[in-house]
Every structure is written in C-alpha cells, then in structure tokens.
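The values are calculated or read from the model by the stated rules, or taken from the named source; none is laboratory data. Predicted model only: the values in this text are computed from it and were never measured. Note: ideal-geometry Cβ built from the backbone for every residue, glycine included; neighbour counts use all protein chains shown.
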Amino acid sequence: MGVYNYQHARRTDQNRRAILDMKNQRDKLHQYQKRITVLTDRERAIAKEMLAKGNKQGALLALRRKKYQESLLSRTDSQLEQLEKLASSVEFALVQKDIVFGLQQGTKVLQEIHKEMGGLEHVEKLMGETADAIAYQKVRISQSAQL
C-alpha cells in the first residue's frame, strides 16, 4: 500500500509539473505577443515617419517588417490557442481520473458494507424474522386483550 501511495503521489506531482510547465509556456507566449505588438506599433510609427520625410523605400521596408511581425503574432496566437486547449484537456482528464478513483473507492466501501451485512439472503432472513416477531407480538397483544 505504501509503494502505491508513493507512486501515486509521484505521478500526481509529475502531472501537476506538466500542467505548470504548460501554463508557464502560455505566459511566455503572452509576453512574446506583447513584445511583437510593441515592435509592430514601432514599425508603423517608423513607416509614418519615413513617409513624412519622403523616404518611400524606408517606409515600405518598415511596412514589410510590420507585416512580418503581424504574421509572427498570428502564429503565436494559434500556438497559444493549442497550448490552452491542451492544458484544459489535461486538467479535465485529471478531474475524470479523480472521479473514477472516487467511484472505485465508493464501490469498495459499498462491497465491504454488503459483506458485513451478510448479503441479500441474510437481510431477507432478518426481515422474515422481524415480520414473524411482529406477527407474534400482535398475537400476544390480541390474546392479552381477550383476557
């Protein structure tokens, strides 16, 4: 039993570590998105500035870099979505696992209770004896009432 508990605890720690790692990766992707957004805004400002100075080539280059940053942002969004779906799936699977474990424990306890009660036959016998005792009591009461 001790080895099982140790292995179960170890597995649980590994599962929690995996979820934590996924959430840390998600946070890093959010930070990366913020940096890309800042870079995109900066490239847009550079393009406006270059255009105002009459440097059309510089403005086009800044717009190309902005477009590249936007494509990175789009890819990051899809990666972030996949990561969040995966984390949710893992967490839900762990909840399901806990539910199944609880059901198993409940079934074992229920079986033990049934075993202690002596099974269905014992219960039926006990109910029959109780019914006989009640009938006997009624007979005794009716006899004493007649006397």
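With surrounded by 15 or more Cβ atoms within 10 Å (Cβ to Cβ) and either within 21 Å of Asp13 (Cα to Cα) or touching a residue at least 12 places away in the same chain (Cβ under 8 Å) (or both) as the only criterion, which of Leu80, Leu51 stands out? Let's see the steps before the verdict.
On the way: Leu51 fails: either within 21 Å of Asp13 (Cα to Cα) or touching a residue at least 12 places away in the same chain (Cβ under 8 Å) (or both).
After ruling out the rest, the residue left standing is Leu80.
Would you check which residues across region 65-116 are acidic (Asp, Glu) and farther than 25 Å from Ala18 by Cα and list them? Spell out the reasoning first.
Filtering region 65-116 for residues acidic (Asp, Glu) gives 70, 77, 81, 84, 91, 98, 112, 116.
Glu70, Glu112, Glu116, listed by residue number.
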For Gly119, only one of the following conditions fails: (1) on the phi < 0 side of the Ramachandran plot; (2) surrounded by 10 or more Cβ atoms within 10 Å (Cβ to Cβ); (3) of a type outside the set (Phe, Trp, Tyr). What is its number? (1)
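Give the residue, chosen from Leu72, Leu103, that is in a helix (DSSP H, G or I), among the aliphatic types (A, V, I, L, M), at pLDDT 90 or above and under 30 Å from Ile46 (Cα atoms). Spell out how you get there, then give the answer.
Values: Leu103 fails: under 30 Å from Ile46 (Cα atoms).
The unique qualifying residue is Leu72.
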Being under 33 Å from the mean Cα position of the chain (by Cα), in a helix (DSSP H, G or I) and of a type outside the set (Phe, Trp, Tyr) is true for just one of Leu94, Leu60. Which residue is that? Leu94
